[in-house]
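Below is one structure, written out as structure tokens, with a few remarks after it.
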Amino acid sequence: MKKPLFALALAGSAALAVTSISAQEAGIPGAIDASRVQAGSYTIDPAHTQVGWRVSHFGFNDYLGLFGQITGTMQVDPAAIEDAKFDITIPISSVAVSSNGLKEHLLRPGKDGAAPDFFGPEPEPAKFVSTSVRQTTETAAVVSGMLTMNGNTGPVTMLVNFTGAGTNPFNKKETVGFEASAMIDRTQWGIDYGAPAIGREVELNISVAFEKD
């Protein structure tokens, strides 16, 4: 059902190129133009950043959810992309799903003192800290790092596409956007309820806006 991540990245790069031309012609503030990216420190715009997730439900279809209220920072120099640093925090309690019953289950305490099926009522935020960045094309990179979630820490590799840079017309801040994708095995973070009937592999799709400090 899911395409290989690198195939998605290749297709995404082609789509981004077309989007960039259309955006510039329409006078849209952001464009896929690396010369617009200024070196320095950036902070996530939490109102326009989200982490989506997708997991198989019994092999019938996929279920989708979303995390919001993301915070974090980026250090970047366009002349040395390999030195870029990302530090991102995701509040698990912000999870949004289309079923009230599922959200209640995700944040439900364990029964009779047992461990919760998923995250429990007061989950610690998840945290991703990059350890390496490898540029693959003019607008794409592979970012590796460590994800701490549900009391466990493990490696994650993301494919990241640069999606636009420019000046936000409302707050006048220099803004840089990215979209990223990754696949994780949730059981490696101790979230094994229902596996494998409920898929072990969770597809992550991230859309993030960074504002220059």
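Structure data summary
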{"quantity": "Between 0 and 90°, nearest 10: helix 5-26 axis offset from the chain longest Cα axis", "calculated": "50 degrees"}
{"quantity": "Accessible area per residue in Å² at 1.4 Å probe, computed on the chain", "calculated": "54 Å²"}
{"quantity": "P(r), alpha carbons of region 28-98 - 5 Å bins starting at zero, rounded %", "calculated": "3, 13, 17, 17, 16, 13, 11, 6, 3, 1"}
{"quantity": "The chain - mean residue ellipticity at 222 nm from DSSP helices (-39,500 (n - 2.57) per run, n ≥ 4, rounded to 500)", "calculated": "-4500 deg cm²/dmol"}
{"quantity": "Kirkwood Rh, angstrom, region 101-140 [1 / mean 1/r, Cα pairs]", "calculated": "13.2 Å"}
{"quantity": "Local net charge near Ile206, Cβ-Cβ under 15 Å (Lys/Arg +1, Asp/Glu -1)", "calculated": "-2"}
{"quantity": "Debye log10 I(q)/I(0) at q = 0.13, 0.18, 0.22, 0.25 Å⁻¹ for region 114-213, Cα point scatterers", "calculated": "-0.60, -0.94, -1.16, -1.31"}
{"quantity": "Of all accessible heavy-atom area on region 127-213, the percent that carbon and sulfur account for (1.4 Å)", "calculated": "52 percent"}
{"quantity": "Mean separation of Cα contacts under 8 Å (6+ apart) over length of the chain, as relative contact order %", "calculated": "24 percent"}
{"quantity": "Whole-number D in µm² s⁻¹ for the chain, Kirkwood Cα-pair radius fed into Stokes-Einstein, 10 °C, 1.306 mPa s", "calculated": "87 µm²/s"}
{"quantity": "³J(HN,Hα), Karplus 6.51/-1.76/1.60, whole Hz, each residue of region 184-192, x for Gly, Pro", "calculated": "10, 9, 4, 5, 5, 10, x, 10, 10"}
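The values are calculated or read from the model by the stated rules, or taken from the named source; none is laboratory data. Values in this document were obtained by computation on a predicted structure and should not be read as measured data. Quick reminder, even Gly has a Cβ in these numbers, built from the backbone with ideal geometry, and neighbours come from all protein chains shown. What goes into the accessible areas is simple: the full protein's heavy atoms, side chains included, and nothing from ligands, DNA or RNA. Shrake-Rupley method; radii C 1.70, N 1.55, O 1.52, S 1.80 Å.
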